[in-house]
Each structure stands twice: as C-alpha cells, then as structure tokens.
1. Quick one: P(r) of the chain from all Cα-Cα pairs, 10 Å bins, percents rounded to integers, in order of increasing distance.
2. Short version: ³J(HN,Hα) in whole Hz for each residue of the range 644-660, in order, from phi by Karplus 6.51 cos²θ - 1.76 cosθ + 1.60 (θ = phi - 60°), x for Gly and Pro, what are they?
3. In whole Hz, with x marking every Gly and Pro, tabulate ³J(HN,Hα) for the range 203-214 from phi via Karplus 6.51 cos²θ - 1.76 cosθ + 1.60, θ = phi - 60°.
4. Note down the magnitude of the dipole of the chain about its Cα centre, charges +1 on Lys and Arg C-beta and -1 on Asp and Glu C-beta and zero elsewhere, to the nearest 20 debye.
5. Longest exposed-loop-site-free stretch of the chain, with GluC sites (Glu not before Pro), DSSP loop and at most 11 other Cβ within 10 Å?
6. If the chain between ALA555 and GLU192 were fully stretched, how many nm would it gain, using 0.36 nm times the residue separation less the Cα-Cα distance?
7. What shape does the range 510-618 take by its C-alpha gyration tensor, where a ≥ b ≥ c are the square roots of the eigenvalues and a/c under 1.5 counts as rounded, a/b above b/c as prolate, and the rest as oblate?
8. Select from the range 614-666 those trypsin sites (Lys or Arg not before Pro) which occupy a DSSP coil region and have at most 15 other Cβ atoms within 10 Å, ordered by residue number.
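Nothing in this text is a laboratory measurement; each read-out follows from the coordinates by a stated rule. All values reported here derive from a predicted model rather than from experimental measurement. Here the Cβ positions follow ideal geometry from the backbone for every residue, glycine too, while neighbour counts run over all protein chains shown.
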Amino acid sequence: MKPLFRTRARGVTAALGAAALVLTACAEDAPETTSETPTTTTTTTTTSAAHAASEVTTITSSNCEFDAAPAGEATGETSGGSDRDITTNPEIATGYRAGMQAVETQNFAVATANPVATQAACDVLLAGGSAADAVVTAQFVLGLTEPQSSGLGGGGYILYYDAATGETIAIDGREVAPLAADENYLRHISAEDQSAPVPDARRSGRSIGVPGMVAALGTVHERYGTRAWAENLTPARDLAAEGFEISPRMAASVASAAEDLARDPQARAHFLDEDGDAKEAGTMLQNPDYAGVVDKLASEGPDAFYTGEIAQGIVESAAADAEGMTPSLMTTADLAGYTPVVHEALCAPYRDTLVCGMPPSSSGGVAVLETLRLLDAHDLARYAPRDAGPDGALPAPEAVHLVAEAQRLAYADRDAYIADPAFTDIPGGVEAFLSDGYIAERGALIDPATSMGTAQPGELVPAMARGADLPEQGTTHISVIDAEGNAASATTSIEAGFGSFHMTQGFLLNNQLTDFSTEPVGEDGQPVANRVEAAKRPRSSMSPLLVFERGDDGAPGDLRMVLGSPGGSLIIQYVTKTLINIVDWDMNPQQAVSAPNFGARNTPETGLGGEHPLLSDADDLVTALQDLGHEVNEDDQSSGLSALVVTERGIIGGADPRREGIVLGG
C-alpha cells in the first residue's frame, strides 16, 4: 500500500518544485523565446503587457506529478495595501501567471489555491482515498500554507456528489453568532455604552463567529470518507511540525497586514520577525501549536475542537481586551452547541446542463442560478470570443452587458431577501427566485441597448424587509474528483485576509460576523433579513458548484464539472463567467478561469478585472460598455478559481493564474 503522505522530500519539496515550474517568471523585456518539453513545443511572444503563449495545448499529470513542465509566466506586481477596496480585492493582488495550460488526468484530480495543499490532497487520492478524504487533507494543509484565506478558525460550504447513489448534498459549515449577540452587536459595545466597538467591528472580538469548518469536515468524512480521519490529518501535522517554505503570496499578504497582525501576540510571533517585519518568502515556517491541535483532533475526532482546551483557547482569544479592544461575547457553550446543517443541493437548468449550488445561508447558489436562468433566454454563443488563447479572450461588450444586467437583478434579490433560513422565511422558498414565471417577469427588465444601472428587487408576496448591498471579503476553494467518480466542491473562509487578526493555538479566528448587516432596520423601518441575531448564520456569497448533464426529464445525469472560487461578493461573478466560458464559448477549463473577470453587483459600476494582461488593450470594450450606459471599473480582481471538467478521456482542469494554485491528478 502506498503511504498516505510521502516523505517531506517527496511531498513538500515536490509540491514547491511544481509551483516553481508554474510560477516561473521572465525578465520584463525578454525577447521572443521557445520553450521545449517532452510533449509540446510552445512559442511565447512578448507583448507590452505579458509573455503569453499563443498556442492552446494541454499538459498531463499522473501519479500526482506533471509529466512535462507546465507553462506559466508571472506578470504584474503585488498590489493592494490596507487602502485597497476589499469589495473587489478581499486579499491582495499578487500578479497574473500568463500562458498557463490545462492539465489532463486519467482517473482523479484535485485543484486548490496552494501547491502544497494540492500535492497533499492528490497523494490521498493516489493512495485510494475518496474526494471527502482529499477535502479534509487539503483544508487542514491550507490552514497552514494559506492562512490568510481560510483555516480551522473559519467556516465554509461543501457540495458533495456520491457517484454510487447519485446523491448530491450541501453541507453548511458557516459560522454562527454567539447566543449573547443581539441586533446591535456590531455597532454598540452594549445597551448602556452605545459607542462603536474598538478599534472597529472587524478587528474587535465582535466580528468572530463560532467556527464551523472542522465540524463540516467531520460531517463529510463521516458520510463519505474511506480512510481513517487521523490519516487524513497526517500531512498537516507533519508540515506544522517540520516546517514549510513561506510562499511568495503568503509573504506578500503578511507584509500587507503586518500592522494588524502585530496587535495579537501569537500572530506577531508567528508571522513577523523580531523587527516586526513580515517573514520573507522562502523562510521555513514551523507551527508547533497547530501540530498539537491537529494531533488532538486526530486522536479524539472533530468534536474535540468544540470542547475542552481548544474551545477554551478560542474563547479566550476572542475575548481579548488589551488596549481597550472590545471583546467577543462567545462562550464555550456556543462552541459545544455548534452543528453543521445538511441540505439538499439547490439545482436549476442551464442550456443542456443542471447546475447545483448551495442553498441559504449562502446567497451564492441562489444568485448564480438566478443569473443563469435569466441568461438562458439569450443566445450567448453568438458572442463567443474568437481566437481565444491560453489566457482566454476579451468578452464581447454585448455579452458583458447581458451578463451584468442579469447579475444586477440577481444581486438585488439576494441583497433584499436572502439570509439564514432558520430565521427568515422566503414565501415559496428560494425556488421562487428560479421559477419560470418569476424569471420571465425579471428577464423582461433587461434592455439589450441600455444598462439599468441599479435594479430593484422583485416583489414577493407577502413583502419582506429589504437589506442593503453588503460587500464581503476573502476565501479559498477546493475542487476534487476521485477515482470512483465522487466529487467535492468546497469553498471555505475566515472572511477578510487574516480574518479578525486574532490567533490562538496556531490558527486564526474569522471575522465572518461582519457579513451581517450592521444596521438592523432598513430605510422602510422594517427589520433587515440579514441582521445579527443569536445563533444565526450570516449571509455569504460562497458559490461552490457541481454541474451535471441534464436528462430529458430534467434529472441530473453524469457529472460534468466541479467549479468554485474565493473572492467575497464577486464569487458569484467569477463562477458565472467561468461556466459561460465553458458551456457557451467552448473554452477549456484553464482558458475559462484564466480569461478576464467581468460582471456587476447591483450598482451602476460594471467591473472588468484589470489584473488581466488583455485589459491593457481593451479601450474598444470599455467604450462600447460606456455607450450602453455602464460605469466601467478596471480594478484588479483577486479571484482564485478552479474548474475540473469530465471528458471522454478523463478529467481536464484549470487553476486561477491570479493565485498560486495548481491542478494535479493521476
């Protein structure tokens, strides 16, 4: 039997070597070059914006290794300090790897936003583990190697497809507010002291929700894991104890948040050097506290996270009040009472597929599916970009217009109505937003010639209180298909980069409660659906997707695709763009995720991801959109997409060039 996690020399070093191949950067003014591999010859032509390969090809991965060196040239500079707009950039932008090619595998595949996590999860699959086992391993490793995005102190959502039964479930591991929280929890210190939390809601203990990720991982493993829980935690324990190299993205992220991390003694000691500066990329970083937590969870199971010394440590960190900081009101009873919620997946047709996503408490599934249902009435294939290269192609202005208008309508409904279903009843359920009649009524509002700017939500009977457009923050995503055809799409988060900046026992605590509406009452005087309430889950935009062939009777057929992304409230736009690129415009998954990001929340602004090299020559696109009434925003957009597509030959996958992830398989 092949060992679950190979030696550090094979596991960690090989993963970093693979990342180095993908992340290889060229000099800014390099001449035209030709790179040769055993299977392909690719000519790379330098432009003023990027060194992008012109030929679309694929590379193969077997035994969790690349059979040939992958292309990918880093372009752009790290950007986005503390003054960046975290609505569109929840984490700092760290460039763009131009010229990445899709990865083909025969039997199984995994993609994460970090190469060490991808390697560890792939080794689990190679050893015969299920998609559930691989998700557990990947998330525990990501908590170490990508701590700015997710971890044990956060939460998330897992969609899981069981090939043997055809069942698809949705596991809600979202954080919850403490029992002591009330509707003023984020805006007043107390009923007696109505001043704002110190230093602000995010950085105080008030932003910290009861973490749900470990319990959600325990649920998916209990139902679908084929290997022992403890075996799946071995890679993370070994990495924490022996150390791993800080990646360039992690180092840049720490540097951008150094001032905030310095406020917490544990975070300061872990991430910063003696002078208070960020530890540099390439530094070997150990985390013995994390190793201790993982050891305890390995021996006692996921419930040990919610009781005893781990729970006590979480409460103490959240309740820190040094320098006047406003503490959390979380207790150990809040942790002991946490339970994930298991739902049926929310599914709707699009073209010849059936797209399945998360039901509330996430708004992502509803918003993506409503957008797609609205677009089903329009022939987007007529606007397919011509001559798409490895980095995709600029979309046609007509397509951007239609997609953005559909998204404005979906975001308007999401902003007004979606919240934790345990607290908010939607007349007719969330399926009301996807019904033929409702879609026809909303779709009639799309004018092909003029942007609506800002949409009004649809009218539900009886009417509900309407909330505001609420920006959200960061995250990570894991896509897996195992050798038996099972699949997992998991989006997880500690919210903004480094969460609340509170650290305990080697992991960071989330700031997810800032996804609630701070104001409990709307302009109409009615309670806001997404207001803070005790034991309530805040609304999310996380949008893990599973896509199936659609049978004549509308039932799900064979698995076709696994898809998801981080990116706060823009996740909805990222996954929609990628799905359209694949289904309507016949791009392979790498082209689809690499292509320019575009879309709109319910504001007059329509975003075009300015980090993409093709945006340097997009004046005609911008002008055409402006002529259609759009206010165009070209800020960088730090998505972290991954997509795995099932083909007749196996699986083909793509990882976002805007982060440092890779696809591996066998």
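1. Calculated over all Cα pairs of the chain, the distribution is 3, 17, 29, 28, 17, 5, 0, 0 percent.
2. Result, rounded to whole Hz: 10, 10, 7, 10, 5, 9, x, 9, 10, x, x, 10, 5, x, 7, 10, 10.
3. Going residue by residue, I get 7, 7, x, 5, 7, 8, x, 5, x, x, 5, 4 Hz, with x marking Gly and Pro.
4. Working: 38 positive and 94 negative charges, 241 e Å.
Around 1160 debye, computed over the chain.
5. Values: sites that count: GLU28, GLU32, GLU192, GLU274, GLU459, GLU523, GLU648.
Of all site-free stretches, the longest is 275-458.
6. Working: separation 363, 0.36 × 363 = 130.68 nm, distance 5.58 nm.
My answer for the length gained is 125.1 nm.
7. Values: a/c = 2.45, a/b = 1.43, b/c = 1.71.
In terms of gyration-tensor shape, oblate.
8. Values: sites: ARG649, ARG658, ARG659; in loops: ARG649, ARG658, ARG659.
Sites meeting the loop and neighbour criteria: ARG649.
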